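Peer 1: One structure, as structure tokens, below. Some questions next.
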Amino acid sequence: MFSNILQVLFNIADIAVAGRFAGPLALGAVGSTSHLLFLFTGILMGIGGGVNVIVAFYIGAKSKESMDLSVHSSFLISLIAGLLLMFIGLIFANPVLVLIKTKPELLEGAVLYFKIYMLGIPGVAVFNYGNAVLSAAGDTKRPLFYLTAAGVINVILNLIFVISFNMSCAGVALASTISQYISALLVMAAIFKGLGNIKFSFRKLSLNREISIKLLKIGIPAGLQNAIFSVANTFIQVGVNSFNAIMVAGTAACSNLDNIVYSTMNGFYTACATFIGQNYGAGKKDRIIKSMIIANVYAFVIGAIESTLMYIFGHQCFALFTTDPAVIEAGMLRFGIMFFSLPVASFMDNTIAANRGLGKTFVPSIIVLIGSCFFRIAWIYTVFAYFKTIPSLFLLYIFSWIITAIAEMIYFFKQYRNI
């Protein structure tokens, strides 16, 4: 849970430093890239989720040889994915940001920030791989320590680059990129040292066909699920961009509060997939349903508490990003809707994780495509197009989450009965 929050804090630190020390335009420029960045990092998170499930399955099945093959094959897949996404991001940064109607006054800073951030994507890929392997073996503490160290370095470099060198958007992006590689190196050093039967060696690197296919069957659909969310959210960003730059900056700041709550809840989804993967591998059916229910309860309760506290202390939270009262009020307008919507997402996301733990990702991805992509796009061109207000835009989240959750649960329980 805390590891997820720290990953989000990379981007939050960028936005906070940009907003506080470089002004509202820098805040809007960096914030305008958030949904697009998640399109790339979400794919890597999906692949990391696939690594987690595969390694956890073989740990539960007590198959050391297959576990060893999965650890080394998944490293190559993760690294290749990171490099590929980096090149795609560098090539298409400008046209995509123009396509989503980024404000002209924000475009130059947004493109610069995004391109520099993309240089760190291979580091994100390697860290997600290492985090997935260690988490599958039950070690979630060391990734937290490594991210804490990298996060502190990120904040220090942000302040140095922006305040001392006046680098604005470029400075915060460069700080994040450096920090991402530091976290990747630290987590790989832990896997080199070894944990139980898991020990990494460059001499064992190979793409085992069977393991790679299994991993990609889980990782790619899971990554595409995240990408689908990002595509749908990019349409939402187009809606946000139809308002003035103050509203863009306010919603950008608010989206980072959303991400803190979401990432906290996501820690339990990862635990859900890991527990289900291990128990599925060990043939313990009764623990599968218990893992799903317990994880959902934790995620919903902590999401409700966290989002409510953030809403109560909303003005203080937004003060981290900006001192402009108009930007703060714009952010509160969005968060007034999101604080009661976010806990509802647990029913959808936790069930998706449960399906992933069973190795089922294709049908859940189709459900997400319909319920959380097509539905949102349709909402934007109907409900939002009619009212053209911030509430009419952001209410689409809770409705799409409810619809998708119902469908995902029906599919999960059908698969569970067939085990």
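Peer 1: Roughly speaking, what is the stretch gain from Ile305 to Ile163, that is 0.36 nm per residue apart minus the C-alpha to C-alpha distance, in nm to one decimal?
Peer 2: The span from Ile305 to Ile163 would gain 47.6 nm if fully extended.
Peer 1: Heavy atoms only, probe 1.4 angstrom, no DNA, RNA or ligands counted: give me Val363, Val55, Val297 ranked by accessible area, highest first.
Peer 2: Val297, Val363, Val55
Peer 1: A further question follows. At what distance in angstrom do the alpha carbon centres of the stretch 15-92 and the stretch 234-274 lie from each other?
Peer 2: Going from one Cα centre to the other spans 17 Å.
Peer 1: Continuing with the same structure: Residue-wise, which Karplus ³J(HN,Hα) couplings in Hz belong to the stretch 13-20, taking 6.51 cos²θ - 1.76 cosθ + 1.60, θ = phi - 60°, and x for glycine or proline?
Peer 2: The phi angles translate into 4, 4, 5, 5, 5, 4, x, 6 Hz.
Peer 1: Output ³J(HN,Hα) for the stretch 370-383: one whole-Hz value per residue in order, computed from phi by the Karplus curve 6.51 cos²θ - 1.76 cosθ + 1.60 with θ = phi - 60°, and x for Gly and Pro.
Peer 2: Values, residue by residue: 6, x, 10, 10, 4, 4, 5, 5, 4, 4, 4, 8, 10, 4 Hz.
Peer 1: Sorted by accessible area (1.4 Å probe), largest first, how do Tyr311, Tyr411, Tyr58 line up?
Peer 2: Tyr311, Tyr411, Tyr58
Peer 1: Add -39500 (n - 2.57) for each DSSP H run of 4 or more in the chain, then divide by its residues: what number comes out at 222 nm, to the nearest 500 deg cm²/dmol?
Peer 2: Here the helix-only value at 222 nm equals -27500 deg cm²/dmol.
Peer 1: Can you return the lysines within cross-link range of Lys101? Criterion is Cα-Cα under 29 Å, with same-chain partners fewer than 8 residues away left out.
Peer 2: Straight-distance partners of Lys101: Lys115, Lys388.
Peer 1: On full extension of the chain, what length is gained from Ile91 through Arg287, given 0.36 nm per residue of separation minus the C-alpha to C-alpha distance?
Peer 2: Contour length minus Cα-Cα distance gives 65.9 nm.
Peer 1: Of the cross-linked pairs Lys62/Lys141; Lys199/Lys284; Lys62/Lys217; Lys204/Lys414; Lys199/Lys414, which ones have a Cα-Cα span greater than 31 Å in the structure shown?
Peer 2: Result: Lys204/Lys414; Lys199/Lys414 exceed 31 Å.
Peer 1: Mean separation of Cα pairs under 8 Å and 6+ residues apart, divided by the residue count of the stretch 107-217: what relative contact order is that in percent?
Peer 2: Computed over the stretch 107-217, the figure is 35 percent.
Peer 1: Where the convex hull is taken over the Cα atoms of the stretch 307-367, what is its projected area averaged over directions, in nm²?
Peer 2: Here the figure is 5.5 nm², rounded to one decimal.
Peer 1: Moving on. Which one, (1) 1.07; (2) 0.94; (3) 1.46, gives Cα Rg over 2.2 N^0.38 Å as derived from the coordinates shown?
Peer 2: Derived directly from the coordinates: (2).
Peer 1: Considering Cα pairs under 8 angstrom that are at least six residues apart, work out the relative contact order of the chain and quote it in whole percent.
Peer 2: Here the relative contact order equals 24 percent.
Peer 1: For the stretch 137-216, report the accessible area per residue in Å² (1.4 Å probe, heavy atoms, rounded to an integer).
Peer 2: 52
Peer 1: When the accessible area of the stretch 171-243 is split by element with a 1.4 Å probe, what percent falls to carbon and sulfur?
Peer 2: After summing per-atom areas, the C and S share lands at 67 percent.
Peer 1: Here is a follow-up. About the Cα centre of the chain, how large is the charge dipole given +1 on each Lys and Arg Cβ and -1 on each Asp and Glu Cβ? Please answer in debye to the nearest 20.
Peer 2: Using only the charged Cβ atoms, the result is roughly 1300 debye.
Peer 1: Normalising by the residue count of the stretch 204-320, find the relative contact order in percent from Cα pairs under 8 Å and 6+ residues apart.
Peer 2: Relative contact order of the stretch 204-320: 23 percent.
Peer 1: Could you size up the charge dipole of the stretch 21-126 around its Cα centre, putting +1 on the beta carbon of Lys and Arg and -1 on that of Asp and Glu, and report it in debye to the nearest 20?
Peer 2: Charge dipole, the stretch 21-126, about its Cα centre: 100 debye, nearest 20.
Peer 1: Could you order Lys414, Lys214 by accessible surface area, starting with the largest, using a probe radius of 1.4 Å?
Peer 2: Heavy-atom accessible area, descending, gives Lys414, Lys214.
Peer 1: With +1 on each Lys and Arg Cβ and -1 on each Asp and Glu Cβ, how big is the dipole of the stretch 235-330 about its Cα centre, in debye rounded to the nearest 20?
Peer 2: 640
Peer 1: Report, in whole Å, the centroid distance computed from the Cα atoms of the stretch 148-190 and the stretch 335-394.
Peer 2: Computed from Cα coordinates, the inter-centre distance equals 32 Å.
Peer 1: Could you report the stretch 1-86's accessible area per residue, 1.4 Å probe, as an integer in Å²?
Peer 2: With the other protein chains kept in place, the stretch 1-86 gives 31 Å² per residue.
The values are calculated or read from the model by the stated rules, or taken from the named source; none is laboratory data. As the structure is a computational prediction, the values presented were derived from the model and not from experiment. As a convention, Cβ positions derive from the backbone with ideal geometry for all residues, glycine included, and neighbour counts pool all protein chains shown. Each accessible area value is taken on the protein alone, full model and side chains, heavy atoms only, with ligands, DNA and RNA left out. Shrake-Rupley method; radii C 1.70, N 1.55, O 1.52, S 1.80 Å.
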